[in-house]
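Contents: one structure, followed by commentary.
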Amino acid sequence: MNLKNIPNTIRNWINGEECAAVSGQIFDKLSPHSGQKLCQVVRSNENDVKAAIQAARKAQAAWADITPVQRGDMLLDITLAMRRNREELATIVAAETGMSVKAALGEVGGAIAEGEFMAGEGRRFYGRSTTSAVPNKYATTVRQPLGVAGLIIAANTPIANVAWKVFPALVCGNAAVLKAAEDTPATAWYFGRIAHEAGLPPGVLNIIQGYGQDAGGPLVADPDVDVLSFTGSTAVGRLIAAVAGQRLARVSLELGGKNPLVVCDDADLDNAAKWVSLSAFSNAGQRCAAASRIIIFDSVYDQFRDLLLAGTRKLKLGPADTDDLGPVINEKQLNTMLAAIGQARQEGAIVLTGGRRLTDDFHGGGFYMEPTLIENVDPHSRISTTELFGPITCLYRVKDFAAALRMANDSPYGLTACIHTRSIHRATEFSQKVQAGVTVVNAGTYGSEPHMPFGGLKQSGNGWREPGTEALDVYSNLKNILININPELL
């Protein structure tokens, strides 16, 4: 793999310039595939964050003064530059995450599509005109920027996560401070380089590297940050909401999932097995939309379990395009998964396949978790109710459709859900009644696109939706303008 585009030390972008952390501290970024050092990363603290916020605040007014169309044109220039550099960008994503280059190219394509869509929103940027009950009074609603946007992303799909937040924040006229995920620093850094080389004014986008507590914490707490958008765990989301709530900052939280996939007795079982495997194991299960609860009608349970077992045991692990899944992002995450599986075993769960770290010569240096199927699990146990963010899924027996729907909804999360059935009646009822922000029929639990709203309810989020046109609501203020005229002066 060609890593010429990853510098030895990943630095911050502040006011259009690369810079080291004020403290001079650094940390190592390890390859998930080999466990070897990939690069060094500056470890920012509140001083670096403050400098980035000040740069954003200084640049924001001029950025907001240009028209939304001009801002959209600038985003299109960045997007076209991403397209020209898509192979280099995919190589960086693959190196940092352990996914294949083929998978990384797909993710880069999604990020480009988000840029294209949001660039177009600059030409739409709809407000609303309405009518008043009062004579000689005219009403319109317009969108206006909030100011400085603090953006905190996860490492699982790094360039897509960057695009989902940066593009809508900027098209609305905000300046941004992006806190990169510590496990994928080079992806965010390279995006910053592309943006600045494409002509984005200094200070409009600032990128801070470092750990969540050191750099993310000060970004959340700073009173000069007007809106915060976070993608990550529910536990961290709660902390962010509590801190930002003290100053009534707007907060968009896209959090975890424990997503159900229901297999009915009339389903195409081969197709369902394919989609369960993709939903549970692709990207090493590191999707907030991963299927981690497979709810199967009793009458087809044994047959479907055997299909899944056969397919799962054939999956190939590695970073090549011919492999089915790669490693998880770091060793801490891997150890958390192993501990959860161990606890489930003690509680009576049966591990049908997987459940171990790969330790052979090829995989042993990295953070490879075997694709894991578990049954005989209590629906209210820890492994059933806690997002593990890895290639682990549990199988549950249910009697019928009503029981499947109850179990699907009996969860602290409500992000995505899927049903496999040939019945339009079941598909429609499930889609209407399941408690999830996204519902899919006869495919996987993931698959949102840039023009579609994504988000959940319960512990999966706080009600906002990103991306789609709904993302503009996160990053803009709606102002109602009322004009009263005097007919005598006409």
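Note on the range 232-266: among residues that are among the polar types (S, T, N, Q) and open to solvent by 20 Å² or more (accessible area, probe 1.4 Å), the one that is nearest to ILE295 (Cα to Cα) is SER233.
Residues considered: SER292, SER282. Of these, the only one that is hydroxyl-bearing (Ser, Thr, Tyr), in contact (Cβ under 8 Å) with a residue 40 or more places away in the chain and assigned to a helix (DSSP H, G or I) is SER282. Within the range 219-233, being assigned to a loop (DSSP other than H, G, I, E, B) and either β-branched (Val, Ile, Thr) or farther than 16 Å from VAL49 by Cβ (or both) holds for VAL225, GLY232, SER233.
Here GLN213 passes the criteria (1) more than 30 Å from ARG422 (Cβ to Cβ); (2) open to solvent by less than 30 Å² (accessible area, probe 1.4 Å); (3) over 16 Å from the mean Cα position of the chain (by Cα) except the one numbered (2). Cβ-Cβ under 9 Å, sequence separation 6+ or interchain: first residue in the range 343-357 and free of Cβ contacts under 8 Å to residues at least 60 places away in the same chain and more than 18 Å from ARG397 (Cβ to Cβ), partner assigned to a strand (DSSP E or B) and open to solvent by 20 Å² or more (accessible area, probe 1.4 Å). Which pairs? Here the result reads ARG345/VAL351, each pair linking the range 343-357 to a residue that is assigned to a strand (DSSP E or B) and open to solvent by 20 Å² or more (accessible area, probe 1.4 Å). Restricted to the range 392-413, and to residues there that are surrounded by fewer than 21 Cβ atoms within 10 Å (Cβ to Cβ) and of a type outside the set (A, V, I, L, M, F, W, C), the residue that is nearest to THR336 (Cα to Cα) is PRO412. When VAL134 is tested against (1) under 27 Å from PHE230 (Cβ atoms); (2) part of a loop (DSSP other than H, G, I, E, B), just one condition goes unmet, and that condition is (1). Just to be sure before I move on: is ALA291 of a type outside the set (S, T, N, Q), buried (at least 24 other Cβ atoms within 10 Å of the Cβ), closer than 16 Å to TYR413 by Cα and under 19 Å from the mean Cα position of the chain (by Cα) in the structure I sent? Against the criterion (of a type outside the set (S, T, N, Q), buried (at least 24 other Cβ atoms within 10 Å of the Cβ), closer than 16 Å to TYR413 by Cα and under 19 Å from the mean Cα position of the chain (by Cα)), ALA291 qualifies. Here is a list of conditions, (1) surrounded by fewer than 19 Cβ atoms within 10 Å (Cβ to Cβ); (2) farther than 19 Å from MET74 by Cα; (3) of a type in the set (Lys, Arg), and LYS179 meets all of them except one; can you say which number that is? Tallying (1) surrounded by fewer than 19 Cβ atoms within 10 Å (Cβ to Cβ); (2) farther than 19 Å from MET74 by Cα; (3) of a type in the set (Lys, Arg), LYS179 fails exactly one: (1).
Within the range 313-335, residues that are farther than 15 Å from LEU388 by Cβ and surrounded by 19 or more Cβ atoms within 10 Å (Cβ to Cβ) sit with their Cβ atoms under 6 Å from residues that are at pLDDT 95 or above and among the hydroxyl-bearing types (Ser, Thr, Tyr), at 6+ positions apart or across chains, in these pairs: LEU317/TYR368; PRO319/SER100. Among the residues of the range 76-115, those identified as over 20 Å from LYS165 (Cα atoms) and among the hydroxyl-bearing types (Ser, Thr, Tyr) are THR91, SER100. Given the criteria more than 19 Å from ILE194 (Cα to Cα) and crowded, with 22+ Cβ neighbours inside 10 Å, does SER44 qualify? For SER44, the condition - more than 19 Å from ILE194 (Cα to Cα) and crowded, with 22+ Cβ neighbours inside 10 Å - is met. Each residue in the range 414-440 was checked for being in a strand (DSSP E or B) and either open to solvent by 20 Å² or more (accessible area, probe 1.4 Å) or not β-branched (Val, Ile, Thr) (or both), and 7 pass.
Exactly one condition in (1) open to solvent by 60 Å² or more (accessible area, probe 1.4 Å); (2) over 23 Å from ASN174 (Cα atoms); (3) at pLDDT 95 or above is false for LEU489; which is it? With respect to (1) open to solvent by 60 Å² or more (accessible area, probe 1.4 Å); (2) over 23 Å from ASN174 (Cα atoms); (3) at pLDDT 95 or above, LEU489 is out only on (3).
Which residues, taken from the range 114-151, are hydrophobic (A, V, I, L, M, F, W, C), out of contact with any Leu (no Cβ under 7 Å at 6 or more places or on another chain) and over 20 Å from LEU482 (Cα atoms)? Once the filter is applied, which keeps residues that are hydrophobic (A, V, I, L, M, F, W, C), out of contact with any Leu (no Cβ under 7 Å at 6 or more places or on another chain) and over 20 Å from LEU482 (Cα atoms), the range 114-151 yields PHE117, LEU146, VAL148, ALA149.
Could you tell me whether the range 462-475 includes any residue that is surrounded by 19 or more Cβ atoms within 10 Å (Cβ to Cβ) and within 30 Å of ARG356 (Cβ to Cβ)? No: the range 462-475 contains no residue that is surrounded by 19 or more Cβ atoms within 10 Å (Cβ to Cβ) and within 30 Å of ARG356 (Cβ to Cβ).
Among the strands (runs of 3 or more DSSP E) confined to the range 331-413, there are none with at least 3 residues that are under 28 Å from GLY456 (Cα atoms), of a type in the set (Phe, Trp, Tyr) and within 24 Å of the chain's Cα centre (by Cα).
Quick check, is ASN85 modelled with pLDDT of 95 or more, closer than 16 Å to GLY192 by Cβ, open to solvent by 40 Å² or more (accessible area, probe 1.4 Å) and in contact with a helix residue (DSSP H, G or I) (Cβ under 7 Å, 6 or more places away or on another chain)? So ASN85 fits the description; yes.
The values are calculated or read from the model by the stated rules, or taken from the named source; none is laboratory data. The structure presented is a predicted model; accordingly, all values stated were derived computationally and were not measured. Note that we place each Cβ from the backbone using ideal geometry, even for glycine, and neighbour counts take in every protein chain shown. Ligands, DNA and RNA are excluded from the accessible area calculation, which covers all protein heavy atoms including side chains. Shrake-Rupley method; radii C 1.70, N 1.55, O 1.52, S 1.80 Å.
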